[in-house]
Amino acid sequence: MRKITTYLILGLCCVAFYPRPAAALNFSAPKPKFGYKDASGKKQSIEVVDKYYPKKIVQPFGNDSTIDPKLRRAASIAEERARAHSLSKCWHYVKEALVAAGVVKSRPQTTLAKQAGQELVNNYGFKKLSVSDPYQAPVGAVLVYDAKRAAGHVEIRTENGFASDFRSKTPSRRPLLGVFAKS
């Protein structure tokens, strides 16, 4: 009996002093506010930003509101369908993205990627932009690259980089023939 009493008292002490989360942690403190008067003299207040988000992009680089919004959709479609590595079918994948987004009514007919820019201008209402840096191309623009004895390369500028049959953070190293977009 004496042994049971000792264990009972020891158990009650452990329960009494067992660390529990503080009750104050269950409800959050109010966010600090910054008060000011606006131009009309009315008092306003806004929340104080207390965390820094270095990778938060409010407006993607290369954003241009003068190009067709369907091109932005084509860029996201191309990025969704792109693979990790090239299949050597860049122009095929870009054509499919343009058709799926409704940018072009019919599938372009050229077979070589380096001929894509000329066909888009002649048959589908695209214009060559005066952009020589692929990073400055607006999101949704079609970038066409040359190759001496090869088919060339085509990719679409996305919010995160570039996409064709594969996605990449960097543009192609081939010589840039032009950046094409639709208004």
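The values are calculated or read from the model by the stated rules, or taken from the named source; none is laboratory data. Note that the structure is predicted; figures quoted are calculated from it, not measured. Note: ideal-geometry Cβ built from the backbone for every residue, glycine included; neighbour counts use all protein chains shown. These accessible areas exclude ligands, DNA and RNA; they are computed on the full protein's heavy atoms, side chains included. Shrake-Rupley method; radii C 1.70, N 1.55, O 1.52, S 1.80 Å.
A few notes on this one:
- Approximate spin-label separation K70-I4, in nm, with each point projected 7 Å along Cα-to-Cβ: 8.5
- Inter-label distance, nm, simple model (7 Å from Cα along the C-beta direction), Q136/K43: 5.0
- Sorted largest first by accessible area at a 1.4 angstrom probe radius, with every protein chain in place, the residues S88, S106 fall in the order S88, S106.
- Distant-in-sequence amide contacts of A151, defined by a placed amide H-H separation under 5 Å and a gap of 5 or more residues or a different chain, comprise nothing.
- Cβ-derived FRET efficiency at R0 30 Å, R83 paired with F34, nearest 0.05: 0.05
- Computed over protein heavy atoms with a 1.4 Å probe, the accessible surface of segment 95-138 works out to 55 Å² per residue.
- Accessible-area composition of segment 117-183, carbon plus sulfur, in percent [1.4 Å probe]: 46
- Residues of segment 85-106 with amide N under 20 Å of a point placed 7 Å along Cα→Cβ from L112: 88-95
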